[in-house]
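The values are calculated or read from the model by the stated rules, or taken from the named source; none is laboratory data. Just so it is clear, the structure is predicted and the values come from calculations on it, not from any experiment. Note that each Cβ is placed from the backbone with ideal geometry, even for glycine, and that neighbours are counted across all protein chains shown. Note: areas computed on protein heavy atoms with side chains; ligands, DNA, RNA excluded. Shrake-Rupley method; radii C 1.70, N 1.55, O 1.52, S 1.80 Å.
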Amino acid sequence: MKPLNLNYSMLLLLSLVLGTFILSIGYGVSEVDHFAVWQCISSSCEKDIYQTILYDIRFPRVLLGFLAGFGLAIAGALMQNVTRNPLADPYLFGIVAGAGLGATLASLLPASIHFISLPLAAFVGALAAVALVLTVIANNNWRRVSHLLLAGVAVSFLLSSITSFILYMGEAFSSNRVIFWLMGSLARADSNALMWIFPVILISTLIAFSLARQLDALLLSDESARTLGVKVARLRILVLVICAASTAVIVSYCGGIGFVGLMIPHIVRSFVGITTARLLIGSGLLGGCFLVWVDVIARTALDGQEIPIGVITSALGSVFFLLLMRKM
């Protein structure tokens, strides 16, 4: 498909973002519908509880969903461009597995020594997983992309197996809590989560845009990028650290949400092309809207209960790639 005009593409994406924020805020398990939301914003809420639901639950949840989708999609686009591999994904480097192990250890610690919160433990575990991947390939020819991907897969399976063993041996209630968290949810949405996620996503995005020209040169080949003055090895490790930091902070609060970083860049690339700056903008905006609507489905599809977001994104992502393979 021929890429659309940039101005036209941006207009469509911005309209989608605006429509997403306006419409999604009116969905939920409570009786606060779109009319009640408009009444609260334009004048005053009919009931005091409406204000609490709107400003303390729904607004933070929509913002967290958008930021999480934005960050995961940009991380996926960066990974695919820097490795020139359309199947590269930030989760491929053991980030979710490391976060899961950290969350598991924090949740199953005895109450007397339970000094670390679950999000912080997940964040530390995710960064530890990336550090382990870099350590594994430090003495190898890590400049080869295939080595980087294989090391990530190996570390991911190793940490997942340790997590599974600990959950199997742990107390049932705590294990179920961690298992649900690993499936992905925006239930932890609050000002504290936004305060941690927003700065990390903002800084990571700004750094990524500053590297856009170098990443475009890397799309040709490593040799071509070097002739243009790009330090390929340093660029790859910097992008990996950026993706690790943004994905780790998202996973630490939202759990495992798969396929966003893998699927969204594929869709956006068909409309805006492969150049990094356009791809990052399009992936971020579409990824944010996508995750907000997935969360709406998760909260409203079943009466009285919430479906884990990771279940829905994995199902949609699997169908997407099956259709993509059929088309190819």
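Computed over segment 201-253, relative contact order equals 37 percent, with contacts defined as Cα pairs under 8 Å that lie 6+ residues apart. Solvent exposure of the chain amounts to 49 Å² per residue of accessible area, where only protein heavy atoms count and the probe is 1.4 Å. Ligands, DNA and RNA left out, the 1.4 Å accessible surface of segment 240-324 is 75% carbon and sulfur atoms.
Candidates 285, 206, 168 compared by Cα position along the dipole of segment 144-302: farthest toward the positive end lies 206, with charges placed on Cβ.
Mean sequence separation of contacting Cα pairs (under 8 Å, at least six apart), scaled by the length of the chain, corresponds to a relative contact order of 31 percent. Taking Cα centre as origin and charging only the Cβ of basic (Lys, Arg, +1) and acidic (Asp, Glu, -1) residues, the dipole magnitude of the chain rounds to 1300 debye.
Computed about the Cα centre, the dipole magnitude for segment 124-270 is approximately 360 debye when only Lys and Arg (+1) and Asp and Glu (-1) carry charge, each at its Cβ. Select one label from (1) 22.7; (2) 24.4; (3) 20.6: the one whose number is Kirkwood radius over Cα pairs in Å as derived from the coordinates shown. Step by step, Kirkwood radius over Cα pairs in Å for this structure corresponds to label (3).
Here segment 234-328 is treated with +1 on each Lys and Arg Cβ and -1 on each Asp and Glu Cβ, and its dipole about the Cα centre works out to around 560 debye. Candidates 322, 235, 16 compared by Cα position along the dipole of the chain: farthest toward the positive end lies 235, with charges placed on Cβ. Helix content alone sets the calculated 222 nm mean residue ellipticity of the chain: runs of n ≥ 4 DSSP H residues at -39500 (n - 2.57) each, divided across all residues, give -24500 deg cm²/dmol.
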